[in-house]
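Below: the structure, in structure tokens.
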Amino acid sequence: EFQGGYYAVTQCKGIENVYTTWKALDDWVKENKYRRADHQWFEEAFSRPGETPLEDIILDLHLPIQE
């Protein structure tokens, strides 16, 4: 459970792309009217680790933002 808030969200396919996707999302926030907030960030998995090859795992990355 978490308090919630506003998020910038993007999707990532493949574990090897998680870092670069987080960085691209953070760069997007810096280039727009938003800034990073202090509430919970998280990754939401749409594939089952252990059942899905690592390069096919799909995640939504949620970066907390504020104006």
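The long axis of helix 18-31 is offset from the longest Cα principal axis of the chain by roughly 20 degrees.
Solvent-accessible surface of the chain, taken per residue with a 1.4 Å probe and all protein chains present: 75 Å².
Assuming charge only on the beta carbon of Lys and Arg (+1) and of Asp and Glu (-1), the dipole of the chain about its Cα centre is about 260 debye to the nearest 20.
For the chain, the Cα gyration tensor yields ellipsoid semi-axes of 24, 14, 7 Å (square root of five times each eigenvalue, largest first, whole Å).
In this simple spin-label approximation, Ser47 and Ala24 carry label points 7 Å from Cα along the Cα→Cβ vector, and these lie 1.5 nm apart. Heavy-atom surface analysis with a 1.4 Å probe gives the chain a carbon and sulfur content of 48 percent of its accessible area.
The values are calculated or read from the model by the stated rules, or taken from the named source; none is laboratory data. Note that the structure is predicted; figures quoted are calculated from it, not measured. Don't worry about glycine lacking a Cβ; one is built from the backbone with ideal geometry, like all the others, and counts go over all protein chains shown. In case anyone asks, the SASA skips ligands and DNA or RNA and just uses the protein heavy atoms, side chains included. Shrake-Rupley method; radii C 1.70, N 1.55, O 1.52, S 1.80 Å.
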